[in-house]
Amino acid sequence: MTDDKFLWAYEKFRNTVYSVIFSYVRNTEDASELSQDTFIKLYTYDGGFDSDEHMKAWLIRVAINSCNNHFRSRKHISASPIPEDLPSEEMHETDEIISIVMKLPEKYRIPIHLFYYEEYSIAEIAKILELPEATVKTRLKRGRDKLKNTLRKEDWL
Amino acid sequence: MSDNKYKKAMNDVCDRNFNVSAAEMLEKARSAAPTERNITMTGTSKKHLIGKFIGAAAACVIISGTAASAMGYGPLGDSFRRFFGKDETTAEIIDEGHYCELGQDITDGGFTVMLDSVTGDRSSPKLLFEVTVNDEELAAKNDRLHLFAYILDEDTYQNRLDEYGMWDAWGEKDPEVNNMYHVCMDGPATFMINNADVLAAVKQISFTSDPVNRKFDYDVDMEFRFTVPEQALKETAYEYYDDINISSGNVDYELFYAEFGAYDSLLKVKYDFLGTDLAGGETDYYQVADKFDNDWHELAGNFILTVDGVEYAPKEMGYSYCDTEGEAFDAGKCSTWMTFPSVDFTSAESVTLTVNGQVYDLK
């Protein structure tokens, strides 16, 4: 990949990569480190991309793989790990939304993130997460239900 | 979400926390990229990690250390020590005869993985793998590789796989064979004790350096099916208690379970958090989990395990899990754990736990 193309891709997709990783690891330092790893993989990637969307999907897939490896290599994680680095309440009003979404179990959190942040369709999320569409649909539904119970602000959904 | 408040909020998180400029990122990417590749390697032949006792594909051969010595192979534990020298506990377990040779080979793509054997104890079973990387240039660039596998029973693997994560372990390169790695992976006691039929499905092999293919993570699909005989794993003593209550002043902990294995001694406690002063009226445990973890660490850090007069200090303190949906305990019940070094609980005459001067009999 040329340096110019890499710089363009970084500026265009840095939030895409960081946000999906943050949604997984819920820790700003780890998210920053894993995001950089993902872009290094992009820089050294030999294959081509059919389109910008193709590159974006590739980056998200690589980012998710990095997160899975990150968790697998950590020992003694409790069954429901505690979010380590959620934004503190006093920082920004909007952080309340992030804080609440980040408390969802991973299997709901990631489809919710891809749906609302990336505005991917169910079919696209299914392809990225390598899950059946019906599973994605169910997880989105359950994730939304859990958010409704927590947010107590119907207009957010 | 209306007006996509989530997107705005997440962008805010990104802007505040991911501050690497494009120029810095390019510099990091450049310096991480491979610069040269000039490796010549010769072909190698496979060899097994321990022993030469390969039987039928799915057969598990139990060989005691004594028998192995008598057959002229020397102690099996010494073979283990060659590759996993730091893990003397497992080497000793193998020497005691708790070891089961499997010798199953599966090839997928550019990799051949052999599930060599099973050993360990009933608390911490181990699977020993041998991984051959056919791409010798890839092997030349990596002194280690990272192996990932599901280790479950057949029913769970087929029907409830998404509820489980993979186990993983790093493998070190064989000192004599350039493209072979030896991996000692922890396995789940739940699925490996009581003569269990086990399915170990190796799904991914990862490398930190991959200058040629630039994939780093290689998906594979290798399913090993085998039975773990009881004698392949060293015994662990399990104890259940229902009358040991320990108070920190803030929380009343109920010691309900202890496990005395070859690697460590595990104590588990459970407690209610609702209604405690520490919770301060909070009903979502994870809002106050840090306070409870701190309370437990402060209390358990002073525990003393005494076995026939010999005192042991704590080894590791766990972080809590709260069962909000009542899957493991009553809903709202939380649990946590701590470990001491391994002790011989079975042979001991007296085992006590001392907490701030109060002595509790564990045996």
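The values are calculated or read from the model by the stated rules, or taken from the named source; none is laboratory data. Bear in mind the structure is a predicted one, so any value in this text is a computation, not a measurement. Because the Cβ atoms are built from the backbone with ideal geometry, glycine has one as well, and the counts that use them run over all protein chains shown.
Go through the range A:1-42 and report how many residues are within 16 Å of A:LEU114 (Cα to Cα) and of a type in the set (Ser, Thr, Tyr).
5
Quick one: is B:CYS334 over 28 Å from B:ASP121 (Cβ atoms), within 14 Å of another protein chain (Cβ to nearest Cβ) and among the hydrophobic types (A, V, I, L, M, F, W, C)?
Criteria not met by B:CYS334.
Suppose the filter is surrounded by fewer than 18 Cβ atoms within 10 Å (Cβ to Cβ), under 23 Å from B:LYS5 (Cα atoms), at pLDDT 90 or above and away from chain B (no Cβ under 11 Å); does A:SER88 pass it?
It is false that A:SER88 is surrounded by fewer than 18 Cβ atoms within 10 Å (Cβ to Cβ), under 23 Å from B:LYS5 (Cα atoms), at pLDDT 90 or above and away from chain B (no Cβ under 11 Å).
Considering only residues that are in contact (Cβ under 8 Å) with a residue 60 or more places away in the chain and either within 13 Å of chain B (Cβ to nearest Cβ) or under 23 Å from B:ILE205 (Cβ atoms) (or both), which ones fall in the range A:48-69?
Of everything in the range A:48-69, those that are in contact (Cβ under 8 Å) with a residue 60 or more places away in the chain and either within 13 Å of chain B (Cβ to nearest Cβ) or under 23 Å from B:ILE205 (Cβ atoms) (or both) turn out to be A:ILE60, A:ARG61, A:ILE64.
Any residue at all in the range B:295-302 that is part of a helix (DSSP H, G or I), in contact with a Phe, Trp or Tyr (Cβ under 8 Å, 6 or more places away or on another chain) and of a type in the set (A, V, I, L, M)?
Scanning the range B:295-302, I find at least one residue that is part of a helix (DSSP H, G or I), in contact with a Phe, Trp or Tyr (Cβ under 8 Å, 6 or more places away or on another chain) and of a type in the set (A, V, I, L, M), so the answer is yes.
Taking the criterion of being within 20 Å of B:ASN11 (Cβ to Cβ), modelled with pLDDT of 85 or more and surrounded by fewer than 16 Cβ atoms within 10 Å (Cβ to Cβ), would at least one residue in the range A:118-134 satisfy it?
Yes.
Could you count how many residues in the range B:228-257 are assigned to a strand (DSSP E or B), surrounded by fewer than 16 Cβ atoms within 10 Å (Cβ to Cβ) and either more than 23 Å from the chain's Cα centre (by Cα) or in contact (Cβ under 8 Å) with a residue 24 or more places away in the chain (or both)?
The total comes to 7.
Could you grab me the full set of residues in the range B:121-148 that are assigned to a strand (DSSP E or B), away from chain A (no Cβ under 14 Å) and either under 14 Å from B:VAL183 (Cα atoms) or touching a helix residue (DSSP H, G or I) at 6+ places or on another chain (Cβ under 6 Å) (or both)?
B:PRO125, B:LYS126, B:LEU127, B:LEU128, B:PHE129, B:GLU130, B:VAL131, B:THR132, B:VAL133, listed by residue number.
Can you go through B:ASP153, B:ASP186, B:ASP210, B:ASP221 and tell me which one is at pLDDT below 90 and either among the charged types (D, E, K, R) or touching a Pro at 6+ places or on another chain (Cβ under 6 Å) (or both)?
Testing whether each residue is at pLDDT below 90 and either among the charged types (D, E, K, R) or touching a Pro at 6+ places or on another chain (Cβ under 6 Å) (or both) leaves just B:ASP210.
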